[in-house]
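Peer 1: This is the structure, below, for whatever I ask next.
The values are calculated or read from the model by the stated rules, or taken from the named source; none is laboratory data. Remember, predicted model here, so these are calculated numbers, not experimental data. Cβ sites come from the backbone with ideal geometry, for glycine too, and all protein chains shown count toward neighbours.
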Amino acid sequence: MSQGAQAAGAAADVSFEEALQKLESIVEAMESDDLPLDQLIHRFEEGAALAKLCQERLGEAELKVRRLEEGLDGTLSAHALPEGSLGAP
């Protein structure tokens, strides 16, 4: 199993907030210019997996918010979204 695949598997077990915090620490470490190339590549792979996880979790949250619409009587109802609308600006 590659290091990137290992990072992706480990990233799937963390919350959005934990993944974002870890991603921020990876960016700081990469910006410090103190990492050797092999560690820099490993951190980049780990960061890419965490960024993908954060993007997926945000997309899921956006979908949930879009599908729930509060009616005039205060009840929440689900509405189908047009196909392909997830992640669209």
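Peer 1: Which pairs have Cβ atoms under 8 Å, sit 6 or more apart or on different chains, and link a residue in segment 21-40 that is without any contact (Cβ under 8 Å) to a residue 24 or more places away in the chain to one that is surrounded by 10 or more Cβ atoms within 10 Å (Cβ to Cβ) and of a type in the set (F, W, Y)?
Peer 2: From residues that are without any contact (Cβ under 8 Å) to a residue 24 or more places away in the chain, the pairs are M30/F44.
Peer 1: Being within 14 Å of the chain's Cα centre (by Cα) and surrounded by fewer than 15 Cβ atoms within 10 Å (Cβ to Cβ) narrows it down to one of G59, G47, so name that one.
Peer 2: That would be G59, the only listed residue that is within 14 Å of the chain's Cα centre (by Cα) and surrounded by fewer than 15 Cβ atoms within 10 Å (Cβ to Cβ).
Peer 1: Oh, and also: Residues of segment 28-37 being surrounded by 13 or more Cβ atoms within 10 Å (Cβ to Cβ) and assigned to a helix (DSSP H, G or I), which ones?
Peer 2: Matches in segment 28-37: A29, M30.
Peer 1: Write out, first by first residue and then by second, each pair whose Cβ atoms fall under 6 Å of each other, whose residues are 6+ apart or on separate chains, and whose first residue, in segment 55-66, is under 12 Å from S15 (Cα atoms) and in contact (Cβ under 8 Å) with a residue 40 or more places away in the chain while the second is part of a helix (DSSP H, G or I) and of a type outside the set (S, T, Y).
Peer 2: These pairs meet every condition: R57/F16.
Peer 1: Let me spell it out: the conditions are (1) at pLDDT 75 or above; (2) in contact with a Ser or Thr (Cβ under 8 Å, 6 or more places away or on another chain); (3) of a type in the set (D, E, K, R), and E17 meets all of them except one. Which number is the exception?
Peer 2: Tallying (1) at pLDDT 75 or above; (2) in contact with a Ser or Thr (Cβ under 8 Å, 6 or more places away or on another chain); (3) of a type in the set (D, E, K, R), E17 fails exactly one: (2).
Peer 1: A follow-up question, please. Check L40, L23 and return the single one that is surrounded by 15 or more Cβ atoms within 10 Å (Cβ to Cβ) and in a helix (DSSP H, G or I).
Peer 2: L23 is the lone residue from the list that is surrounded by 15 or more Cβ atoms within 10 Å (Cβ to Cβ) and in a helix (DSSP H, G or I).
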